[in-house]
Structures are given as structure tokens and as C-alpha cells.
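S.K.: Dropping a structure here in C-alpha cells format, bear with me for questions.
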Amino acid sequence: MEDWAEIRRLHRSDGMAIKAIARRLGIGRNTVRRALASAGPPRYERPVRPSIVDSVELQVRVLLADCPSMPATVIAERIGWTRSLTVLRARVRELRPFYEPPDPSQRTDYLPGELAQCDLWFPPVDVPLGFGQVGRPPVLVMVSGYSRVMAAVMIPSRQGPDLLAGHWELLSRLGAAPHKLVWDNESAVGRWRGGRPELTEAMNAFRGTLGIQVVLCRPADPEAKGLVERANGYLETSFLPGRRFVSPGDFNTQLGDWLARANARHHRRLGARPMDRWEADRAGMVALPPIAPATGWRLTTRLPRDHYVRLDANDYSAHPSVVGRRVDIAMDLDRVTVACDGRLVGTHDRCWAAHQTITDPDHRQAAAALRAARNLPTPRPALDEVQHRALADYDRAFGLDEQVA
């Protein structure tokens, strides 16, 4: 290669004759002539050697023309092949495309704001929930198709109220909603029934308020939401290793910090950072409605005498002054509120543990004051506070002491 380049330089740049070049480089004049006549640099080409498969290639072509998908092992049996199966497989692999119809795959591209894929990721790590309990709550993951921006939040459960509250939390962070949300057959979202998708009533109300579409993937079609499936794997291999969590709130705090860095990393498929494409993506999305959709837990009931309401396996206290009246209960991912006639009569941090009783000290004191005002009997004293009567008093009451005397 170096001699070829030098020959052409001496002849084209310095104008040296063929004889002079051959004398200077110590090579033959015919070598100089071949170098000057070639259109490109010299390449080493190994001479083609005959193969043992050449003698049966015609038979192989006949079989492939009749059945393009015939396996190489069957072809070997049909033609009576007794030599190496490896070389026969290689020749069949070369010939098969000439007889099979082309089957190219399609690269999926998304328009700005077109859709986001959603899924639940269950991190394989125990998270303390309080009151000595640990659990593995689900993480709602959302990936935008155009920018590949990831958003995620841990939610208390996969039940419909919590799932919709998680949707609204993520969309509020993004500041807009994609035209489509893509889901698989999550029971809180919808199911395929009778060959067509059916969304739950709560999901229809949610998407109707936002003015978007929810697409349910067909069963057994994981490729339909490959973006979010890969994001789940990325979370498990990049975010989770080596981390410890003290509460669900701590999990979400660490997750939020990691997502900010992940969305600023170079994306190999895009050739850019997701954040570099985010502004165009958000500009193509649907603006959020001025009034938030109804999400989370909603319940209207009459407050019982013990002034506690039950939500998701936990009891929360309300002010006893509204016992017997109807109260409106709301619970999102973080807070529980109880209202009566528009007046707040109870507010608590949501408890992620199960089977707990959450009491506001002010509610306990108010209940004690109301009982005292109604002259209700006080609770029975402990056993060590009960007065013990002498046995002689019972003898005198029944006249037994006189009989003894």
C-alpha cells in the first residue's frame, strides 16, 4: 500500500518517469505501470477454492424453491448428505434469501407529543412502610415516545384510585399530557373482552377530563410497549443496585434525583439527550385542564360514634363534633382529608402500612370533653383501683354474725 501511494505521488506530483520511479524505489517497471493504471489501492484477495457443497447446490436450490423454510437438517436428509453439516448450513443460509419473500422490520418513530408508554415496575427490594412493616409497593413508570424522557413514582398499591393518582402526579410534573397513553392489560386500566378493549369507568372519566386516548395493547404483545419495558430493566440495573431506603418518600426522593441525571444522559438510539428533545415533545402535547381530574380515593359516609373512617385497611380519626353527619373523605398518595359541609374536620399523612389506627390527639381530647359534657359514664377503673370490702360486712348484712354468737 505504501509503495502504491508513493509511486502515484512521484508520477502525478513530481512528474517522474516510470523508469526513474522504478530505479528510485528498486521495483520493476511493470509494477509501476500496474500501480499507475489501477483505479484504487491494492487489495489482497484470496483465490476462491471449490467447496464440497458445489456438487449438491442444484439439489438444494430445487428443495428451497419448493419449500423456502425447509431446515438445513431436512435438506441434508433429502439429498443424502453425509459430510459436514456446518458447510451445508452455510450454503443453505446463503441461498435461502433468494427463495424466501423479504421480511424487513419497521423502525417505529413517534411524533412530538404523540404518546407515552406506561407500566408498573415492582422493584425487588424491601421498603420500610412504618409500624415495623416492610413491603414492595409498585412504581408507575411512564416513557415519552418522542423524547424518551422517563418519569416514575412509587405508589401505595396497584388499585385504581392509587394508579390514577400516580398518573396525575407524573403528568403534573411533566406539565402536559401526551395524546395517547399506552397500557397493557392492567386490571385497574382495562381489559380485552370479546375481541375489543374495554377501559374501566374510572379510567374513562380520567382520560375524558384530560381529553386524551388510552390504548390497550393486545394480550401477549410485549413489543407494543418496548420503550417502557426497557426502562424498567434500566431502573433495575442502574438505579436500584447498592441503594437503601428508609421509607417510600425516601425512595421517591432518590428516584427523582436519579431520573434527572438519566434524562440528561446521551441516548444511543436518539443520538441526543432526552432533555434536548423535551421542549419539542411537550409543545406537541395536550395542555392540562384547569380543574384536576378526580383521582385517588373518594368516599362519602356517615361518621360513626367512634369518629373513625376506614380507607385501604387503615382507620383515620375525624373530629367527633360531626358524629352522625355525612362526611366527604379523600385520600391521595400523601394525604387523607375528611370534610363536613365543606369544612375540614380531619387531615392525616397517609399510612402505607396496613391495619393501623391513626389518631389526631386533638380529636381524642375533643371526644373526651364531649363525653364529659354529656355526663356520660367514665370508663371502668383498673382492677387495682377497685375498693375491696371486708368479708365481715357481708356477715352483718345477712345476719350471720348473730347466729354465730
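The values are calculated or read from the model by the stated rules, or taken from the named source; none is laboratory data. Remember, predicted model here, so these are calculated numbers, not experimental data. For neighbour counting, all protein chains shown are included, and Cβ atoms are generated from backbone atoms with ideal geometry for every residue, glycine included.
S.K.: Pick from segment 38-64 the residues that are out of contact with any helix residue (DSSP H, G or I) (no Cβ under 9 Å at 6 or more places or on another chain) and modelled with pLDDT of 85 or more: which of them is surrounded by the fewest Cβ atoms within 10 Å (Cβ to Cβ)? Quick ask: steps written out before the conclusion?
M.R.: First, pick out the residues of segment 38-64 that are out of contact with any helix residue (DSSP H, G or I) (no Cβ under 9 Å at 6 or more places or on another chain): 39-40, 43-50, 55, 58, 62.
Retained after the next criterion (residues that are modelled with pLDDT of 85 or more): 50, 55, 58, 62.
On the way: Pro50: 7, Ser55: 10, Leu58: 9, Val62: 11.
Restricting to residues being out of contact with any helix residue (DSSP H, G or I) (no Cβ under 9 Å at 6 or more places or on another chain) and modelled with pLDDT of 85 or more, the top hit is Pro50.
S.K.: Okay, next question. What number of residues in segment 107-130 are part of a strand (DSSP E or B) and aromatic (Phe, Trp, Tyr)?
M.R.: Of all residues in segment 107-130, those part of a strand (DSSP E or B) come to 115-121, 127-130.
If we keep only those that are aromatic (Phe, Trp, Tyr) as well, we get 121.
Adding up the residues that qualify gives 1.
S.K.: Of the residues that make up segment 221-240, is at least one over 17 Å from the mean Cα position of the chain (by Cα) and either more than 22 Å from Val125 (Cα to Cα) or touching a residue at least 60 places away in the same chain (Cβ under 8 Å) (or both)? Explain how you work it out, then say what you get.
M.R.: From segment 221-240, those over 17 Å from the mean Cα position of the chain (by Cα) are none; that's our starting set.
No, segment 221-240 contains no residue that is over 17 Å from the mean Cα position of the chain (by Cα) and either more than 22 Å from Val125 (Cα to Cα) or touching a residue at least 60 places away in the same chain (Cβ under 8 Å) (or both).
S.K.: Can we say Ala260 is modelled with pLDDT of 95 or more, over 26 Å from Leu129 (Cα atoms) and surrounded by fewer than 11 Cβ atoms within 10 Å (Cβ to Cβ)? Don't jump to the end; show me each part of the working.
M.R.: Numbers: modelled with pLDDT of 95 or more: yes; over 26 Å from Leu129 (Cα atoms): no; surrounded by fewer than 11 Cβ atoms within 10 Å (Cβ to Cβ): yes.
Against the criterion (modelled with pLDDT of 95 or more, over 26 Å from Leu129 (Cα atoms) and surrounded by fewer than 11 Cβ atoms within 10 Å (Cβ to Cβ)), Ala260 does not qualify.
Here's the yes/no breakdown for (1) touching a strand residue (DSSP E or B) at 6+ places or on another chain (Cβ under 6 Å); (2) of a type in the set (A, V, I, L, M, F, W, C); (3) in the same structural domain as Tyr234 (by TED's automatic domain parsing):
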{"position": "Asp257", "(1), (2), (3)": "no, no, yes"}
{"position": "Ala260", "(1), (2), (3)": "no, yes, yes"}
{"position": "His266", "(1), (2), (3)": "no, no, yes"}
{"position": "Leu270", "(1), (2), (3)": "no, yes, yes"}
{"position": "Asp276", "(1), (2), (3)": "no, no, yes"}
{"position": "Pro290", "(1), (2), (3)": "no, no, no"}
{"position": "Tyr308", "(1), (2), (3)": "yes, no, no"}
{"position": "Asp312", "(1), (2), (3)": "no, no, no"}
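S.K.: Further question on the same structure: Would you confirm whether any residue within segment 206-221 is surrounded by 14 or more Cβ atoms within 10 Å (Cβ to Cβ), in the same structural domain as Trp168 (by TED's automatic domain parsing) and among the small types (Gly, Ala, Ser)?
M.R.: No, because not a single residue in segment 206-221 is surrounded by 14 or more Cβ atoms within 10 Å (Cβ to Cβ), in the same structural domain as Trp168 (by TED's automatic domain parsing) and among the small types (Gly, Ala, Ser).
S.K.: Which condition from (1) at pLDDT below 95; (2) surrounded by 14 or more Cβ atoms within 10 Å (Cβ to Cβ); (3) not hydrophobic (A, V, I, L, M, F, W, C) is the one that Ser187 breaks?
M.R.: For Ser187, the failing item is (2).
S.K.: Checking Thr82 against (1) assigned to a strand (DSSP E or B); (2) outside the structural domain of Glu279 (by TED's automatic domain parsing), only one condition comes out false. Which one?
M.R.: Thr82 satisfies all of (1) assigned to a strand (DSSP E or B); (2) outside the structural domain of Glu279 (by TED's automatic domain parsing) except (1).
S.K.: Taking only segment 1-37 into account, find how many residues are touching a His at 6+ places or on another chain (Cβ under 8 Å) and at pLDDT below 80.
M.R.: So the count comes out to 0.
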